[in-house]
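These notes are about the structure you will find just below.
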Amino acid sequence: MKPDLDNPDYARLAWARYRRIFRIVAVVALASAIVAVAALYLSLGEFQLHASIAMAIGIGLSVLLGGALMGLIFMSSGTGHDERSRDATDRDHQV
């Protein structure tokens, strides 16, 4: 199967791989948020509930955003999109 998102079967496979990567990233984000809140609790003792919620959300969303962007980069590279755009750019510069 040629890597191309225009092919519905390959697109389904590529998006399934992206969702699998994103599920792993979601678990890592949740674990990171839990570890960060636990580490802060162990180092400072008790602190405000709102501070721990804000920190958990901030760390979790940051890890999720980084993982989502990284997954999209992997998908773009793995589906041949990068090569097609590079070829189009090369054609434009040759004209």
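Give me a count of the residues in the range 19-60 that are within 14 Å of GLY71 (Cβ to Cβ) and touching a Phe, Trp or Tyr at 6+ places or on another chain (Cβ under 8 Å).
Filtering the range 19-60 for residues within 14 Å of GLY71 (Cβ to Cβ) gives 19-29.
Going one step further and asking which of them are touching a Phe, Trp or Tyr at 6+ places or on another chain (Cβ under 8 Å), we end up with 21.
Total satisfying the criteria: 1.
Please work out if ILE21 is of a type outside the set (Gly, Ala, Ser) and free of Cβ contacts under 8 Å to residues at least 40 places away in the same chain. Break it down into steps so the answer makes sense when it comes.
Values: of a type outside the set (Gly, Ala, Ser): yes; free of Cβ contacts under 8 Å to residues at least 40 places away in the same chain: no.
Against the criterion (of a type outside the set (Gly, Ala, Ser) and free of Cβ contacts under 8 Å to residues at least 40 places away in the same chain), ILE21 does not qualify.
Quick grid of which residues meet (1) surrounded by 15 or more Cβ atoms within 10 Å (Cβ to Cβ); (2) part of a helix (DSSP H, G or I); (3) of a type in the set (Gly, Ala, Ser):
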{"position": "ARG17", "(1), (2), (3)": "yes, yes, no"}
{"position": "VAL25", "(1), (2), (3)": "yes, yes, no"}
{"position": "SER43", "(1), (2), (3)": "no, yes, yes"}
{"position": "GLU46", "(1), (2), (3)": "no, no, no"}
{"position": "ALA51", "(1), (2), (3)": "no, yes, yes"}
{"position": "ALA54", "(1), (2), (3)": "no, yes, yes"}
{"position": "ILE57", "(1), (2), (3)": "no, yes, no"}
- Would you please list the contacts, defined by Cβ atoms under 7 Å and residues six or more apart or on different chains, that run from a residue in the range 50-78 that is closer than 17 Å to ARG19 by Cα to a residue that is surrounded by fewer than 13 Cβ atoms within 10 Å (Cβ to Cβ) and modelled with pLDDT under 95? SER76/ASP82
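The values are calculated or read from the model by the stated rules, or taken from the named source; none is laboratory data. These numbers come from a predicted model, not from an experiment. Glycine also receives a Cβ, built like all others from the backbone with ideal geometry; neighbour counts cover every protein chain displayed.
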